[in-house]
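Shown next, in structure tokens, is the structure this report addresses.
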Ligand code: HEM
């Protein structure tokens, strides 16, 4: 997993619980990595899962909720760090249609060691979009939060439903509806 994701997680923890909590999390997590996480570096997925597990245990947070909240936070950071991907769009739908063929493909070009998920975007009708997430990491909850972050970024409410999800979480199908009132997932929290 790229260092940029670790750096965003660090800011998420610092802004939510404070800088000293992050230091304590680092001190109390058994990490494979001994050096500081730097943006362009590549680190074991296990380290990210261990850091998230530490936060969940510390605050008695269910893992799905923690991943989703982190995803929502992360999109604001990712889009600020790479403004070229969101520039020129004023609605989530055309932006999300570029996710697999442009955004994550360019991430892969920039960082050959990165393994972003496969995201297929299917135009399923006016004001609708189907997103199919596939990754052996099984981080569909993170994808869910990132989609909420996209909706925040473009100030466009969106109803998100999970139409399908494999038992091992490696493939999720999201149906987005920009005309329907947002569900509870679209409400800040
Ligand atoms: C400006 C927009 C975005 C950028 C620059 C970006 C970039 C990245 C990068 C650098 C990674 C780490 C890959 C690695 O370390 O191997 C990643 C992972 C990921 N991205 Fe994106 N991303 C963006 C938007 C999104 C959105 C909107 C979604 C929602 C569907 C998404 C879903 C994910 C997920 C779930 C992962 C975790 C890895 C996995 O599940 O295998 N990304 N992205």
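The values are calculated or read from the model by the stated rules, or taken from the named source; none is laboratory data. Everything numeric here is computed off the predicted structure, so don't read it as measured data. Every residue, glycine as well, gets a Cβ built from its backbone with ideal geometry; the counts of neighbours run over all protein chains shown.
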Being near the ligand (Cβ under 6 Å from one of its atoms) and under 14 Å from residue 99 (Cα atoms) is the filter; apply it to the range 134-163 and report the residue that is surrounded by the fewest Cβ atoms within 10 Å (Cβ to Cβ). 143
Among the residues in the range 40-61, are any at pLDDT below 95 and surrounded by fewer than 17 Cβ atoms within 10 Å (Cβ to Cβ)? yes
Taking the residues in the range 83-94 that are farther than 13 Å from residue 130 by Cα and at pLDDT 95 or above as candidates, determine which candidate is nearest to the ligand (Cβ to nearest atom). 85
Can residue 100 be described as in contact with a strand residue (DSSP E or B) (Cβ under 6 Å, 6 or more places away or on another chain) and modelled with pLDDT under 95? yes
Residue 82 passes all but one of the listed conditions (1) crowded, with 16+ Cβ neighbours inside 10 Å; (2) outside the structural domain of residue 33 (by TED's automatic domain parsing); the exception is number (1)
Quick check, is residue 138 in a loop (DSSP other than H, G, I, E, B), without any contact (Cβ under 8 Å) to a residue 40 or more places away in the chain and within 18 Å of residue 2 (Cα to Cα)? yes
How about the range 103-112: which of its residues are in contact with a helix residue (DSSP H, G or I) (Cβ under 8 Å, 6 or more places away or on another chain) and loosely packed, with under 13 Cβ neighbours inside 10 Å? none
Condition check: within 14 Å of the ligand (Cβ to nearest atom), in contact with a helix residue (DSSP H, G or I) (Cβ under 7 Å, 6 or more places away or on another chain) and either assigned to a loop (DSSP other than H, G, I, E, B) or not assigned by TED's automatic domain parsing to the domain that holds residue 73 (or both). Does residue 115 satisfy that? no
